[in-house]
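Let me begin by presenting the structure, written as structure tokens, before commenting on it.
The values are calculated or read from the model by the stated rules, or taken from the named source; none is laboratory data. As the structure is a computational prediction, the values presented were derived from the model and not from experiment. When we count neighbours, we look across all protein chains shown, and the Cβ atoms used for this are built from the backbone with ideal geometry, even at glycine.
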């Protein structure tokens with residue numbers, strides 16, 4: 001199932017919608033990667049570092065935060081009595097090689113920070129499946145919603161701590177549980193904390209563990225008999241980079257007279273976009289350009305279809321664990337209510353923006369009228385002065 005160049009060309013004019021999730025324990029470079037990818041500080045460095053608030057359990061909240069352009073917004077979901085927090089960032093009209101991409105990034109701060117991370121697994125799997133449920137419900141509607149937005153996650157970047165040893169139990173469990181629902185791409189965050197030889201050995205051991213535990217990650221698949229030589233060569237090269245070693249930085253440094261993004265150390269400089277130092281550029285290109293369409297097609301044609309078959313089979317056979325699986329009409333009705341509520345909130349935000357713009361226009365118009373009156377008064381005084389001088 002290699003990436004389909006024809007499908008990508010067909011969608012270039014109208015642009016793409018793409019969603020990926022970043023998962024990893026605190027300190028693995030997850031936040032820095034997202035900020036480096038977007039070339040702006042869209043994610044805060046820390047949620048909270050006040051120990052007096054560590055025991056608080058917030059209810060569900062939705063907080064819109066501007067992250068750049070007028071129509072960009074961030075939704076913060078704090079799940080009640082759960083340690084995991086989801087951050088939704090919508091970055092509109094990201095331009096990649098002249099193609100408009102509506103990019104959604106789902107962050108998962110709090111993962112791996114607890115002694116028992118079972119709830120984290122459940123939250124992530126639940127979120128992935130809820131997006132599939134929305135699609136399934138929409139498909140079963142008699143009259144479909146033209147404003148429906150597909151929020152399925154097309155890729156999950158799992159950030160592995162740069163221990164230099166091998167995969168931990170939590171790494172193995174996370175990738176095994178999530179790979180049936182999403183394209184899992186393993187990455188090593190903060191790769192500059194390892195020497196080149198340590199990094200090569202760490203990559204090899206990780207891939208050996210993935211093969212040993214039979215974890216079906218997204219390994220840039222290709223078919224030598226069906227795919228062209230360029231596709232086979234490109235995907236073969238990307239396979240050799242797995243897991244991607246990532247160095248992120250929002251700082252600019254000067255190296256040999258060039259201004260680049262990177263980190264300055266006493267022993268030298270590390271450049272984010274230098275392929276000799278980091279796989280960041282190759283990963284960015286794969287996600288937002290060369291393999292974007294393939295990740296979307298695998299998500300829809302394989303991962304979603306498998307989930308859809310499982311879901312409908314359980315519904316028909318009455319095999320849901322709760323013994324009361326929702327039928328298609330109930331699922332559609334529930335989805336409609338949720339989407340209508342979401343649309344209502346979005347319309348309210350747009351009305352607020354419209355009122356603010358109208359107010360600003362009115363203020364500018366009043367300022368302009370005042371200036372015009374002052375100008376007319378000045379012209380009248382000048383004309384009167386000229387007449388007086390002529391007399």
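Quick look at the numbers
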item: Search result, residues across the stretch 98-130 that are buried (at least 19 other Cβ atoms within 10 Å of the Cβ), farther than 14 Å from residue 24 by Cβ and touching a helix residue (DSSP H, G or I) at 6+ places or on another chain (Cβ under 9 Å); result: 101, 103, 128
item: Residue 151 touching a residue at least 12 places away in the same chain (Cβ under 8 Å), exposed (fewer than 14 other Cβ atoms within 10 Å of the Cβ) and either touching a helix residue (DSSP H, G or I) at 6+ places or on another chain (Cβ under 8 Å) or not in a helix (DSSP H, G or I) (or both); result: no
item: Helices (runs of 4 or more DSSP H) within the stretch 215-321 that include 1 or more residues loosely packed, with under 15 Cβ neighbours inside 10 Å and out of contact with any strand residue (DSSP E or B) (no Cβ under 6 Å at 6 or more places or on another chain); result: 229-241, 280-285, 305-317
item: Checking residue 341 against (1) modelled with pLDDT of 90 or more; (2) surrounded by fewer than 14 Cβ atoms within 10 Å (Cβ to Cβ); (3) closer than 17 Å to residue 130 by Cα, the condition it does not meet; result: (1)
item: Among (1) in a helix (DSSP H, G or I); (2) at pLDDT below 90; (3) farther than 27 Å from residue 147 by Cβ, the one test that residue 325 misses; result: (1)
item: Residue within the stretch 278-286 that is farther than 23 Å from residue 193 by Cβ and in contact (Cβ under 8 Å) with a residue 60 or more places away in the chain present; result: yes
item: Qualifying residues in the stretch 162-183 (those that are surrounded by 21 or more Cβ atoms within 10 Å (Cβ to Cβ) and part of a loop (DSSP other than H, G, I, E, B)) - the one farthest from the chain's Cα centre (by Cα); result: 167
item: The listed residue being surrounded by 10 or more Cβ atoms within 10 Å (Cβ to Cβ), assigned to a helix (DSSP H, G or I) and within 55 Å of the chain's Cα centre (by Cα), out of 379, 347; result: 347
item: Selection status of residue 210, at pLDDT 90 or above and surrounded by fewer than 21 Cβ atoms within 10 Å (Cβ to Cβ); result: no
